[in-house]
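Here's a structure for you.
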Amino acid sequence: MSRTSPALAALLIGCSNNVLEVSSENNYSYSGQLAIQQVEVAALTDGTIDWSAITTDIRGRAFDGSVDQVLFVEFDLPQAEILEKIDANALQQQDAGRQFLIEPDTTRTSVLLSELEIVGNFLVPETDLDAVDPGQRNWLVSVVDTPNGSIDALMSKFVVPSGAATNTDIALVDGCSTLDVTVDLSSAPSLIAPAGKPDVLMDWSGLTTDVHGNPWDSLLADQLLVARFDVASPADIEEIFLRLDSEAAELYRGNVFGVTEAELATAVDDSGNTFPGFSDQGVWLVGIGCSTCFNPVPMVIFTVEVR
């Protein structure tokens, strides 16, 4: 693991070794390249969204066919700008126009466009699915899971209604959306934490920017993450970064909406067990994610050196 100088350790720890005071200097570095394929469909015509052929999701995790939601969202933006905004975690609610969804039964692997709705208002293909110029306006379909109320987009595709098209099938398949990432967890100074003490306070009031360089937004940063990985170094986690949730030996989450500090002991795993304190096994990360953001990478992640 990376080591910090005594002076820097004192700065990070503050007056108590039970406090993790973090700054943007401790954050990891990230760059990503998102690509999403498009399909043209017949305008003003019902169609079928089918995800039965997916075996691996956009983050490289095995896919079992079950989804919590199917989203169909209109954007008054060209595809390139939508991708840029997602990459930069800058896609906002005001960028979206009409939005429809369905929460399908877990046995289903396809739905009709006409089954999608929002607060009881169903999508009417004969009027809502008018032809678009993809250089100005686009629909984006996504199959999504919603663990702990967050958005986890599994696979997506741009949908372009056209008066010249006759196709009515919207097939989501392996590779129709891809996210290539480059991550560096090793260069930033690690936090120093005590072993075996769950009552560690993490204070991020000193953060000014997130990993994308955006000004820190405590209303987006709403999910505390504490994770341990059975690997030798942070560099080993860089190779599996998009699968932090499925590759972690231990993973604890907590709601930190609108706050700038939290006791790590408030974070729980999927079985309801609270964070027991750091051990000297493996590599530990702490961070903060955005549960409502389309980009899946955490806004900040810090490596932890346990002493």
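Filter segment 133-150 down to the residues that are out of contact with any Leu (no Cβ under 6 Å at 6 or more places or on another chain) and buried (at least 19 other Cβ atoms within 10 Å of the Cβ) and list them by number.
Once the filter is applied, which keeps residues that are out of contact with any Leu (no Cβ under 6 Å at 6 or more places or on another chain) and buried (at least 19 other Cβ atoms within 10 Å of the Cβ), segment 133-150 yields ASN138, TRP139, LEU140, VAL141.
For segment 179-196, give me each residue that is surrounded by 15 or more Cβ atoms within 10 Å (Cβ to Cβ) and over 13 Å from ASN26 (Cβ atoms).
We begin by selecting, within segment 179-196, every residue surrounded by 15 or more Cβ atoms within 10 Å (Cβ to Cβ); these are 179, 181, 183, 185-186, 188-194.
LEU179, VAL181, VAL183, PRO194, listed by residue number.
Okay, residues lined up against (1) within 25 Å of ILE86 (Cα to Cα); (2) not in a loop (DSSP other than H, G, I, E, B):
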position: ALA188; (1), (2): yes, no
position: SER218; (1), (2): yes, no
position: LEU224; (1), (2): yes, yes
position: ALA232; (1), (2): no, no
position: ILE237; (1), (2): yes, yes
position: LEU242; (1), (2): yes, yes
position: VAL286; (1), (2): yes, yes
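I've got another one for you. Count, please, the residues in segment 159-182 that happen to be in a loop (DSSP other than H, G, I, E, B) and either closer than 17 Å to ILE58 by Cβ or hydroxyl-bearing (Ser, Thr, Tyr) (or both). Break it down stepwise before answering.
Step one: filter segment 159-182 for residues in a loop (DSSP other than H, G, I, E, B), giving 163-168, 172-176.
Filter again for either closer than 17 Å to ILE58 by Cβ or hydroxyl-bearing (Ser, Thr, Tyr) (or both), leaving 166, 168, 172-176.
Selection size over segment 159-182: 7.
Here's the yes/no breakdown for (1) at pLDDT 95 or above; (2) farther than 30 Å from ASN273 by Cβ; (3) in the same structural domain as GLY289 (by TED's automatic domain parsing):
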{"site": "ASN167", "(1), (2), (3)": "yes, yes, no"}
{"site": "ALA171", "(1), (2), (3)": "yes, yes, no"}
{"site": "GLY175", "(1), (2), (3)": "yes, yes, no"}
{"site": "PRO215", "(1), (2), (3)": "yes, yes, yes"}
{"site": "LEU219", "(1), (2), (3)": "no, no, yes"}
{"site": "ALA227", "(1), (2), (3)": "yes, no, yes"}
{"site": "SER233", "(1), (2), (3)": "yes, no, yes"}
{"site": "PHE241", "(1), (2), (3)": "yes, no, yes"}
{"site": "ASP245", "(1), (2), (3)": "no, no, yes"}
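Count, please, the residues in segment 147-165 that happen to be at pLDDT below 95 and touching a helix residue (DSSP H, G or I) at 6+ places or on another chain (Cβ under 9 Å).
Step one: list which residues in segment 147-165 are at pLDDT below 95, which gives 147-151.
If we keep only those that are touching a helix residue (DSSP H, G or I) at 6+ places or on another chain (Cβ under 9 Å) as well, we get 147.
Of the residues in that region, 1 qualify.
Within segment 218-234, track down each residue that is surrounded by 14 or more Cβ atoms within 10 Å (Cβ to Cβ) and more than 15 Å from the chain's Cα centre (by Cα). Working first, answer last.
Start the filter on segment 218-234 by keeping residues that are surrounded by 14 or more Cβ atoms within 10 Å (Cβ to Cβ), which leaves 218, 220-229, 231, 233-234.
Correct list: SER218, VAL226, ALA227, ARG228, PHE229, VAL231, SER233, PRO234.
Determine whether LEU91 is under 23 Å from ALA221 (Cβ atoms), in contact with a Ser or Thr (Cβ under 7 Å, 6 or more places away or on another chain), surrounded by 18 or more Cβ atoms within 10 Å (Cβ to Cβ) and not assigned by TED's automatic domain parsing to the domain that holds GLU239.
Values: under 23 Å from ALA221 (Cβ atoms): yes; in contact with a Ser or Thr (Cβ under 7 Å, 6 or more places away or on another chain): no; surrounded by 18 or more Cβ atoms within 10 Å (Cβ to Cβ): yes; not assigned by TED's automatic domain parsing to the domain that holds GLU239: yes.
When the stated conditions are applied, LEU91 does not pass them.
May I ask you to say which residue of ILE82, ILE86, ILE54, ILE58 is in the same structural domain as ILE170 (by TED's automatic domain parsing), of a type outside the set (Ser, Thr, Tyr), over 20 Å from ASP174 (Cβ atoms) and in contact (Cβ under 8 Å) with a residue 24 or more places away in the chain?
Values: ILE86 fails: over 20 Å from ASP174 (Cβ atoms); ILE54 fails: over 20 Å from ASP174 (Cβ atoms); ILE58 fails: over 20 Å from ASP174 (Cβ atoms).
Matching residue, one of ILE82, ILE86, ILE54, ILE58: ILE82.
The values are calculated or read from the model by the stated rules, or taken from the named source; none is laboratory data. In this text, all values refer to a predicted model and were calculated from it rather than measured experimentally. Using ideal geometry, Cβ is built from the backbone for each residue, glycine included, and neighbour counts are taken over all protein chains shown.
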